[in-house]
Amino acid sequence: MNYIWAGMMVTGILFSTVNGTIGQMSQSMMESCEEAIYFLLGMAGVMGMWSGLMNIAQKTGLVHRMCNLLRPMTRQLFPQVRSEETISAIVMSFATNLMGVGNSSTIFALKAMERLDEENGGRPVASDAMCMFLVMNMYMVQLLPMTVLKLRNDAGSAAPESIVIPAAIVEIVTMAAAMVLCHICEKMGGKERA
Amino acid sequence: MSSVFQWISVMFVPALCLGIIGYGVWKKAPVYDLFIEGVREGLEAAVMMLPFLMAIFLGLETLKTSGALSSLELLVRPVLNAVGIPEQLTPLILLRPVSGSGSLAVLEETLKSVGPDSFAGRAACILSGSCETVFYVVGMYFSVTSVKKVRHCLPIGLICYVIGVFGAVIICKYM
């Protein structure tokens, strides 16, 4: 994380001196910080709502039931994850992602990552479950790409929905590839687990 | 087919709400109190996330405004052309891994200039679905953890990105 972040900042600033965009740099840096706050404000509302609803689901035992139902699947994908709270966050993140509720999905994903981090004992090396969850959620199929459809419509497409099926096919392919690759890496990277 | 998808997508959140609250009422749980309690936790978590978010936004924005991407564009364009990917897609392909909202703006422009039903236009749309904001996701997800080594997450994300680009172009040739 340290390297990735430093890499982004340093490359960005160095390139902007070369490209002569250094003038806009300080302004856009400030703007991005502002944007982060606005983004969070938007997120916080959705986050509050979901976490309220999930609290009901958890205390009433609904989460427990759902986890029992999905156990066979999650055990295959995330063999080390035992905690129900973690599994429910993972499942909810996948489900909201599939339905195209992007912001909500991010919220559950962050919750799941926090929980996985705890299960990983706060170690500095990502666990298998974290990697599998991340790549799966990243390349999760989206049933209906609403935003893209709207853009197509606005641009005057004769058949805005014509891309839904091909897009779903490609997304299934990339998701399968992501899962397989992740599985292979898990098998190979045994020594990194230490 | 897509109307079925649409129906499911539209119904999902309300149905889930109804299900959870209905179950709570049926179990005679204090749903309102539980909701408030959960919201409080959620808001606290949101505030905790802010520093990480700020770091990610700052990093990505720096990359974007620096023009590093447009320099890369000149470099990548001939390569993409050689493998049969329409060059109008270059800005989209390069911006997508770093910025979701930025790439949507680019998609809008691309659709306007090449037409939404053209080969490149369709490929651009599919690509926006099949290729993900790799750096954004990896940065954001791990920001809430204490992980320093992300292992195979980044390489896999990028490999699948390439698969997604090719997949989008290939499927547009045949469908």
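Within the range A:145-158, being in contact with an Asp or Glu (Cβ under 7 Å, 6 or more places away or on another chain), open to solvent by less than 40 Å² (accessible area, probe 1.4 Å) and facing chain B (nearest Cβ under 7 Å) holds for A:LEU151, A:SER157. Residues in the range B:100-132 that are at pLDDT below 85 and under 10 Å from A:VAL148 (Cβ atoms): B:LEU104, B:GLY129.
The combined condition, being outside any helix (DSSP H, G or I) and buried (at least 16 other Cβ atoms within 10 Å of the Cβ), is not fulfilled by A:VAL46. Residues in the range A:93-127 that are in a loop (DSSP other than H, G, I, E, B) and under 18 Å from B:VAL144 (Cα atoms): A:ASN120, A:GLY121, A:GLY122, A:ARG123, A:PRO124, A:ALA126, A:SER127. In this structure, does A:ALA112 turn out to be free of Cβ contacts under 8 Å to residues at least 24 places away in the same chain, in contact with a helix residue (DSSP H, G or I) (Cβ under 7 Å, 6 or more places away or on another chain), open to solvent by less than 30 Å² (accessible area, probe 1.4 Å) and among the small types (Gly, Ala, Ser)? In short, no.
Scanning the range A:2-24 for residues that are within 7 Å of chain B (Cβ to nearest Cβ) and surrounded by fewer than 20 Cβ atoms within 10 Å (Cβ to Cβ) returns A:ASN2, A:ILE4, A:TRP5, A:MET9, A:THR11, A:ILE13, A:ASN19, A:THR21, A:GLN24.
For the range A:56-76, the set of residues classified as at pLDDT 85 or above and either open to solvent by 20 Å² or more (accessible area, probe 1.4 Å) or farther than 16 Å from B:PRO14 by Cα (or both) consists of A:THR60 only.
The single residue among A:MET113, A:MET92 that is closer than 25 Å to B:PHE52 by Cβ and within 7 Å of chain B (Cβ to nearest Cβ) turns out to be A:MET113. In summary, A:ILE163 fulfils each of the numbered conditions (1) out of contact with any Lys or Arg (no Cβ under 7 Å at 6 or more places or on another chain); (2) in contact (Cβ under 8 Å) with a residue 12 or more places away in the chain; (3) crowded, with 18+ Cβ neighbours inside 10 Å with the single exception of condition (1). Determine whether the range A:123-140 contains at least one residue that is at pLDDT 85 or above and open to solvent by 50 Å² or more (accessible area, probe 1.4 Å). Yes, the conditions are met somewhere in the range A:123-140. Among the residues making up the range B:8-30, those that are facing another protein chain (nearest Cβ under 7 Å) and either assigned to a helix (DSSP H, G or I) or touching a Leu at 6+ places or on another chain (Cβ under 6 Å) (or both) are B:ILE8, B:SER9, B:PHE12, B:VAL13, B:CYS17, B:ILE20, B:ILE21, B:TYR23, B:GLY24. Note on the range A:128-155: residues that are within 13 Å of B:GLU109 (Cα to Cα) and assigned to a loop (DSSP other than H, G, I, E, B) total 1.
The values are calculated or read from the model by the stated rules, or taken from the named source; none is laboratory data. Quantities reported herein were computed from a predicted structural model and do not represent experimental measurements. So basically every Cβ, Gly included, is an ideal-geometry build from the backbone, and we count neighbours across all protein chains shown. SASA here: full protein model, heavy atoms, side chains in, ligands and nucleic acids out. Shrake-Rupley method; radii C 1.70, N 1.55, O 1.52, S 1.80 Å.
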